[in-house]
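Laboratory data are not the source of any read-out in this text; all were calculated from the coordinates shown. Note that the coordinates shown come from a computational prediction; the quantities given were computed from them, not determined experimentally. Glycine gets a Cβ as well: all are built from the backbone with ideal geometry, and neighbour counts include every protein chain shown.
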Amino acid sequence: MPDFAAVRVRGGRHGASRLARHRRRAVAAGLAVTAAALVAAGPRDADRARRHPHPPPPGATSSAAPADHPVRTRRAARTVTAPVRIADAAAVRLLRPGDRVDVIAAEEAVTGGTARVVARGARVTRVPEPLGDASGSGALVVLSVPRSTAADLAGASTTARLAVTLW
């Protein structure tokens, strides 16, 4: 039988030192594998939300959602701008457009003196400058509220004094 040279495995005993030299690459590869595993095992509800950021227009069909997971469309409440006279003019001067307020209706003492919240989280859209000397009749503020709340505000302003609380 002929004489053969010894078989040597490449990187056998020097593999640990090579790994130490390329530590940054090994850490980066490990982080990439971990990130891929986390994305693959992520929550399933987030996948559904990513697929349908906006509901399809009425009459349109969507083939992206499986039949066992129907897409729910939520009807947004239509907002309107409602001018409201607040009894305390000094409180209105504290308001700025974009503020959120609760509107409270305080009934007169003759009817029992009760107070109730008429609008919650109404957004202030405008605070007009008072015309002349109208400090005795309060001050006007324009609020963005759902249509049903605007009707409640109009009704409450005829029988009660309105006040606001800032959020």
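Points to keep in mind about this one:
- Relative protection proxy for 90-99, 141-150, from highest mean packing down: 141-150, 90-99 (other beta-carbon atoms within 10 angstrom).
- Prolate/oblate/rounded call for segment 79-166, Cα gyration tensor, a/c under 1.5 rounded: oblate
- As a calculated quantity, the FRET efficiency between R120 and T158 at R0 = 22 Å, using C-beta atoms, amounts to about 0.60.
- Net charge of neighbours whose Cβ lies under 15 Å from the Cβ of R96, counting Lys and Arg as +1 and Asp and Glu as -1: +2
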